[in-house]
1. In nm, what does the list of distances from B:Glu368 to its counterparts in the other copies look like, shortest first, when each label sits 7 Å along Cα to Cβ?
2. Taking the alpha-carbon centroid of each part, what is the distance from the stretch A:107-144 to the stretch B:376-412 in angstrom?
3. With θ set to phi - 60°, apply the Karplus curve 6.51 cos²θ - 1.76 cosθ + 1.60 along the stretch A:371-376 and write out the HN-Hα couplings as whole Hz, x wherever there is a Gly or Pro.
4. What net charge do the residues around A:Val161 carry, taking every other residue with its C-beta under 10 Å from that of A:Val161, with Lys and Arg at +1 and Asp and Glu at -1?
5. Return P(r) of the stretch B:1-83 (all Cα-Cα pairs; 10 Å bins starting at 0; whole %; ordered from short to long distances).
6. Divide, for the stretch B:266-345, the radius of gyration over alpha carbons by 2.2 N^0.38 Å, where N is the residue count.
7. Quote the Stokes-Einstein diffusion coefficient, in whole µm² s⁻¹, for the protein assembly as shown, based on the Kirkwood radius over alpha carbon pairs, a temperature of 25 °C and a viscosity of 0.890 mPa s.
8. Taking amide H positions as placed 1.01 Å from N in the peptide plane, with prolines and chain starts having none, which residues 5 or more places from A:Gly244, or on another chain, fall under 5 Å of its amide H?
Protein chains: 2
Amino acid sequence: MNIEQMIAKRTQLFGPNNPIFYEKPLHLVKGDGVWLTDADGKKYLDCYNNVPTVGHCHPHVVEALYNQAKELNTHTRYLHDNILQYAERLLSTYDDSLNRLVLTCTGSEANELALRLIRNLTGGQGVICTNATYHGNTAAVAQLSSIFEPAEGYGPHIRTVRWPDQYRTPDMTDVQTLTDIYLDDIRQAIQSLKEAGIPFAGMILCPIYANEGLPNIPEGYLEQATKIVRDAGGLIIADEVQAGFGRTGKMWGHQSTGFVPDIATMGKPMGNGHPLAGLVARDELVDRFREKDMYFNTFGGNPVSCAVGNAVLDVLENENLISNAASTGEYVLSGLRKLAKKHSIIGDVRGKGLFFGVDLVKDHISKEPAVEETRKLINDMKEHGILISSIGEFNNVLKIRPPLPFNKENAELLLEGINHCLSRL
Amino acid sequence: MNIEQMIAKRTQLFGPNNPIFYEKPLHLVKGDGVWLTDADGKKYLDCYNNVPTVGHCHPHVVEALYNQAKELNTHTRYLHDNILQYAERLLSTYDDSLNRLVLTCTGSEANELALRLIRNLTGGQGVICTNATYHGNTAAVAQLSSIFEPAEGYGPHIRTVRWPDQYRTPDMTDVQTLTDIYLDDIRQAIQSLKEAGIPFAGMILCPIYANEGLPNIPEGYLEQATKIVRDAGGLIIADEVQAGFGRTGKMWGHQSTGFVPDIATMGKPMGNGHPLAGLVARDELVDRFREKDMYFNTFGGNPVSCAVGNAVLDVLENENLISNAASTGEYVLSGLRKLAKKHSIIGDVRGKGLFFGVDLVKDHISKEPAVEETRKLINDMKEHGILISSIGEFNNVLKIRPPLPFNKENAELLLEGINHCLSRL
């Protein structure tokens, strides 16, 4: 089948409006490290995919998958070493207060359970999220999806707050005043729930606000924001699905932005593509829930998934990928800032580890989002052999988030590619 | 670590009340076909696990997993052959009206989405399930869990009905009258929702009522039950997580019990242990939902999961496992009926394909469930080298559900084991 036939077949089998990338979609057949190959043999530098975080088809992870799949794969109502080893190792990467693990298969399942845990412990239903975020696809979690309105519409128990944007902000430059404005959003959200008679459960946030466009978070904002929530009796869920596993140059996003959550949820990179996800939480949250609820996840924590999870941690350590994320990240960030001086369409460059947001604007005064140019650039970059995407409230922020083995040579190709495609825009 | 140490470690890492099997839990290290081996080298005949449905660690499935994991594993926003082949093949096993597929990772995710689909299409919230069932672990789906009350308690929009029990029934023997009584439960549930002002969305059921205890369903009950629901504007979700993929001697449980649902959800056996699940539905259900909702599942339908799904279908076909389920199933059923004549504790023997329920009672008149004897028997059977469990509203029904390559020699071991352990009870 050619690409048009494959697209037609997809629509026939899955229905219209199933999401697909690029105006001319990609038919990929091979992955290796930071490289992807399409059916015509054309190679692409992958600067988008965070799921294969230790590199596409990493042999250590693939062999761990294979070796355990040959031996045994069953559920956690039998005992097995893999889950104990994995759990102990994973929990050791967190603050001591986060001392319970629950394994699931997807980030949606992890966030779904996190909501159940905080609602159970607080007795509240009211939850705060930002106004440009996404946390998953279940009915409860889709209520927190402010970038894609769920089919059900929004219920009464969610309040959205502005994410802490320092670039396209209220008209002022004083960071302290700005921080106060954003913190007031949270205070008002809590007050609004109170006035509506909806008891407060807490706040969920991506510690680096990835979907929002990866803002530079004002110093002290998260420390104060989490304090406001806790003072009102709420709990904090850090959604580490995008920020976690070394992406930011630290193991966990919240460790790079300075707060300790009550629950951290994990997903995408956790199994390098294998469906593995979960959460860590304070014991009180899990234990009080398990007193009442027979929570069981058939595939969650099976020996194969745990072997894969362990192998991902091995590679992160053995290949120093977290420090690589920090150092190569700095290198890319510096290169992007140089490009910003050359190309006036670049309004702002932001980044943390190997996760970058390049905010494209019509002009530097209005900061009007260059939405159409962003769309064109992403498609041009693909034709040029480099895969990126877009994020942000206005979908005008280049989303650059390569697998973590990304090196300086790869970075040069990326920077040259952006320069080339911006020059021809 | 010994077993006691492993259990202590589990409690430390996952908290108390995480589910585990047997009074002295099993530490398994190896699976092969219908056999499992523990850390001491003791072998167990697996008569419980439906997830490794084509046999533990089936080489064809494991090699398919490995070969694709080495090549490429990425999400469905790129094109790939595996998902198209798998989708076409899977849909061809269903009634033509079920012509859209959505792939997820777990049965909970599939049932969660199914609820979103029927609620979206009908505009209703009210759902009917039985009074002794389980459909998964998300907040919305846990509302349908009548065997384990969810931590949140039950909301106002669910109605439970009695499952169609012909054994432990209202005091009568006329099947037609009995059927009418059970059908009236559904009519009353619909009426109750109407009176509460809750618009009706539909009914979810396992087509073989597995958790309920695998009843012999009265002739015509499901045909009429589904008609009553549809006449009231409701839709039917068949939860094929336990009944599907040949378990009953037909590909789908609903094909063995005579109705066509609007949605069929799939899980456990779909990837032989790999986290693969999904649903098929009438196009209207999926397409109307996708008009409004940007549903995306990161791991759902990835090339590795689809390679595994395809390999499971290969084995089902190549090893004639569905007809084996029918023929070996008949053989086991006949043997269980012989045992029932010998052991008066056996009140009723039921089965469909390779799924059996043996109802243990204090006596044949009161039919009082022999709950304690059931618990003891299951633990004795494990010590004897045979793994089974229990189901049913009273947890007094032996749950026997081996991997599908189960043959007559295995069946003899099972029957001898039950005979032996019942004799010593």
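Nothing in this text is a laboratory measurement; each read-out follows from the coordinates by a stated rule. Bear in mind that the values here come from a model prediction, so they are computed numbers and not experimental data. Here the Cβ is made from the backbone with ideal geometry for all residues, glycine too, and neighbour counts use every protein chain on show.
1. 8.3
2. A separation of 39 Å, based on Cα centres.
3. After applying 6.51 cos²θ - 1.76 cosθ + 1.60, I find 5, 5, 5, 4, 4, 5 Hz.
4. +1
5. Calculated P(r), rounded to whole percents: 13, 31, 28, 22, 6.
6. Taking the Cα Rg and dividing by 2.2 N^0.38 Å, one obtains 1.68.
7. 88
8. Residues meeting the amide H criterion: A:Gly253.
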